[in-house]
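One structure below.
The values are calculated or read from the model by the stated rules, or taken from the named source; none is laboratory data. Keep in mind that what you see is a predicted model, and the values were worked out from it rather than measured. All Cβ positions, glycine included, derive from the backbone under ideal geometry; neighbour counts span all protein chains shown. What goes into the accessible areas is simple: the full protein's heavy atoms, side chains included, and nothing from ligands, DNA or RNA. Shrake-Rupley method; radii C 1.70, N 1.55, O 1.52, S 1.80 Å.
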Amino acid sequence: MIEAVLFDWNNTLVQLTWDDELLVAGHRAALAAVGSTLDADDFTARYRDVVLARATHEDPYADLLRELGVDDVDRFMDAEHELWRPAYAVLGSAQALLDSLRGKGVKTGLVANSWPDPARLLRADAAAFGLADLLDVMVFSEDVGVAKPRPEIFLHALEKLGVEPEDALFVGDRLVNDVQGAAQAGMTTVQALWFNADDTPGIEADFLAFTPMDVLNLVRRLAV
């Protein structure tokens, strides 16, 4: 019996459409917000070397920004994220999916790595996109001190819901972070294929979901 369905964020409930112009525009707006005299183009060039080339959850984004000469990192991230937010598109059926699950008495949740954006901005996004009230729990790596695929972050969310791992599904697009991590936590895994088709060898989800409706149908099947 499935009591909870937890979801990944990017490329599962939302999709980011990225381009280089957006990256520079975000930096220009953020540098202006903190009153920096750094040149935006030069900053972005250094950002690629310092942040993008070394992207890892082990290096806090705020520390990398300080390395680039940003003092007020919170204001910088706020302005940067505000300009980048329109690049995110919410899964068209996300609200209906979450609402349908909750209507069946199934608890819902979000488990995501909060990098580079801090958890407070991701929570604000969930609210702005109309999803926050449809999620019974939102857990980000910043909250727990560990990132996916570590099983602790999944178990933390389940503990908050009062649900055992064997009674929960995890839905995400990444085979290592989402499928392997959730499986190690003892959850049933579903690879979401509607935005991204990760094909990392050697890892397979318990189930594949080509559309959000597949998740609902799976919950119905496992309830029998």
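Odds and ends about this structure:
- For the chain, a Gaussian network of Cα nodes joined below 10 Å ranks G145, G202, G105 by mean-square fluctuation, and the top entry is G202.
- Within the accessible area of the chain (1.4 Å probe), percent carbon and sulfur: 48
- For the chain, built as a Gaussian network whose Cα springs stay under 10 Å, the top-fluctuating residue of N113, N11, N196: N196
- Other residues whose C-beta falls under 9 angstrom from the C-beta of A168 contribute a net charge of -3, scoring Lys and Arg +1 and Asp and Glu -1.
- Accessible area in square angstrom per residue, the range 91-224, 1.4 angstrom probe: 44
- Cut-off 12 Å between beta-carbons: net charge of the residues surrounding N196, Lys and Arg +1, Asp and Glu -1: -4
- Summing +1 for each Lys or Arg and -1 for each Asp or Glu among the other residues whose beta-carbon sits under 13 angstrom from that of D20 gives -1.
- Springs between Cα atoms under 10 Å define the GNM used for the chain, and in it the highest mean-square fluctuation of G181, G130, G172 occurs at G130.
- Cα-Cα separations in the chain greater than 28 Å, expressed as whole percent: 32
- Listed by chain and number, the aspartates and glutamates placed with their C-alpha closer than 17 angstrom to that of K148 are D8, E58, D59, D117, E159, D173, D178, D198, E204; residues fewer than eight positions away on the same chain are left out.
- Here T200 sits with roughly 50 square angstrom of accessible surface, probe radius 1.4 Å.
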